[in-house]
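Asker: This structure is in structure tokens; I'll ask about it shortly.
The values are calculated or read from the model by the stated rules, or taken from the named source; none is laboratory data. Note that the structure is predicted; figures quoted are calculated from it, not measured. Glycine gets a Cβ as well: all are built from the backbone with ideal geometry, and neighbour counts include every protein chain shown. For the accessible areas, the whole protein counts, side chains as well, though only heavy atoms, and no ligand, DNA or RNA atoms are used. Shrake-Rupley method; radii C 1.70, N 1.55, O 1.52, S 1.80 Å.
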Amino acid sequence: MKDLNFSKRFISLSLLLTAMLLFAAACGNNANGGASSSDAVNTSNNTAASDQSKENQISIVTSFYPLYFLASEIGGDHVNVDNLVAAGVEPHDWTPKSRDLSTASKAQLFLYHGAGLEGWVEGFLKGLSKDSTVITKEISDGISLIEGSEDEHEHTDAEEHEHEHEDDHADEEAHDEEHDHGAVDPHTWVSPKSALKLAENVKNSLIDVDSANQADYEKNYNALLLKIEAIDADYTAKLAQTSNKNIVTSHQAFGYLARDYGLKQISIMGLSPDAEPRAQDLLKISKYVKENNIKYIFFEELVSDQLAKTLASEADVETMVLNPLEGLTPDQEKAGETYLTLMERNLQNLVQALQ
């Protein structure tokens with residue numbers, strides 16, 4: 001009888017132990033990433049919600065980095081923004097590919113700067129697919145533009161007479177190589193004051209295509225506006241206190257900044273960063289640097305600094321970066337730099353150079 005009771009107790013204990021081991025194994029699987037049926041349902045729901053969120057976003061294509069930044073900041077979670085010019089690429093050298101046309105054709109909104117910056121944009125828009133419903137907006141609209149020329153240096157009468165007899169074909173090639181902006185300086189975005197208008201135009205463009213989320217766009221725009229206004233106030237206050245107002249730049253990209261904050265820009269090259277200065281121009285600038293107590297010559301990260309360094313060596317001064325804010329380098333992108341942080345660094349460098 002005792003043996004029978006012992007056997008029953010042994011069997012019961014064995015069954016209990018087996019049940020406990022099975023339970024522990026199940027818990028162990030869940031603790032190490034195993035999904036229960038409810039976890040699988042939750043994962044499926046989250047994926048579906050993410051896909052649905054993307055479907056509800058406004059698809060935007062921008063022509064270059066400053067517009068990408070503004071659209072992303074103001075659009076927030078309601079937008080998906082693709083930028084055509086990749087990080088580290090000089091926008092003046094960029095030309096669209098067929099895949100860019102395809103991307104823009106499928107978008108709901110295409111933002112380009114205008115004022116002659118994107119020489120390719122007219123043909124690009126004509127090349128969009130016939131069934132595309134994309135809305136296009138010129139974001140520099142409303143900014144008072146600066147009249148400019150590829151060559152800001154004076155020519156003698158003899159030189160002008162010589163140019164009149166140049167071969168027409170050579171003129172056409174030069175026009176293509178220089179990505180001519182026409183008679184207007186397009187570099188509005190370098191000035192914080194222009195950035196205020198660009199941001200307003202981006203905000204209005206988003207509302208035009210997605211009025212349902214107007215309140216969020218207005219909220220994001222107002223938050224961004226405070227940041228740009230603070231930078232504008234810093235530029236105004238700090239540059240007013242500098243003793244020198246002359247900046248020598250490698251590329252004629254800072255006309256709006258100079259106009260808005262009381263500076264004078266002398267550039268080694270013209271509106272196109274690919275333009276080549278003449279020897280007499282370099283001598284003239286070197287003389288100007290020495291006579292006006294200029295301590296630094298500014299160059300750009302996305303353009304060769306060879307001419308700036310050559311001129312700096314000739315004039316016995318140093319070089320420093322002044323960013324045209326056209327795009328980020330890969331390193332800047334990884335470091336989390338933005339349009340606004342680069343604008344702030346430009347101010348720091350200007351103050352140092354002009355003291």
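Asker: R0 = 25 Å: FRET efficiency of Lys295 with Arg345, Cβ-based, nearest 0.05?
Answerer: 0.90
Asker: Order these peptides, 104-110, 185-191, by their mean beta-carbon neighbour count within 10 angstrom, highest first.
Answerer: Ranked from most to least packed, the peptides come out as 185-191, 104-110.
Asker: Here is a follow-up. Mind checking the per residue accessible area of the stretch 203-293 for me, 1.4 Å probe, whole number of Å²?
Answerer: Dividing the accessible area of the stretch 203-293 by its residue count gives 45 Å².
Asker: Would any residue of the stretch 76-102 have its amide N under 14 Å from a label point 7 Å out along Cα→Cβ of Ser129? List them or say none.
Answerer: 98-102, by backbone N distance to the label point.
Asker: Counting only residues 5 or more places away or on other chains, whose amide H sits under 5 Å from the amide H of Thr62 once H atoms are built in the peptide plane?
Answerer: Counting only residues 5 or more places away or on other chains, the set is Asp82, Asn83, Leu84, Leu111.
Asker: So if I place +1 on the C-beta of Lys and Arg and -1 on the C-beta of Asp and Glu, and nothing else carries charge, what would the dipole magnitude of the stretch 232-355 be about its Cα centre? I want it in debye, nearest 20.
Answerer: For this selection, approximately 580 debye.
Asker: Based on the Kirkwood radius over alpha-carbon pairs, what is the Stokes-Einstein translational diffusion coefficient of the stretch 227-355 at 10 °C with 1.306 mPa s viscosity, in µm²/s?
Answerer: 105
Asker: I need the phi-derived Karplus couplings for the stretch 230-239: 6.51 cos²θ - 1.76 cosθ + 1.60, θ = phi - 60°, integer Hz, Gly and Pro marked x.
Answerer: Once rounded to whole Hz, the list reads 5, 5, 4, 5, 5, 4, 4, 5, 6, 6.
Asker: Let me ask another. Considering amide H positions built from the backbone, and no H for Pro or chain starts, which residues 5 or more places from Ser267, or on another chain, come under 5 Å of its amide H?
Answerer: It is Thr249, by chain and number.
Asker: Right, something else. Skipping prolines and chain starts, which residues have an amide H placed within reach, meaning under 5 Å, of the one on Ile146, given they are 5 or more residues away or on another chain?
Answerer: When sequence neighbours closer than 5 places are left aside, the close amide H contacts are Asp185.
Asker: Follow-up. In the neighborhood of Leu354, defined by Cβ-to-Cβ distances under 10 Å, what is the net charge if each Lys or Arg adds +1 and each Asp or Glu adds -1?
Answerer: Once all neighbours under 10 Å are counted, the net charge is +3.
Asker: Sticking with this structure for a sec: Under 13 Å from the 7 Å Cα→Cβ point of Thr338, by amide nitrogen: which residues of the stretch 72-109?
Answerer: 72-77
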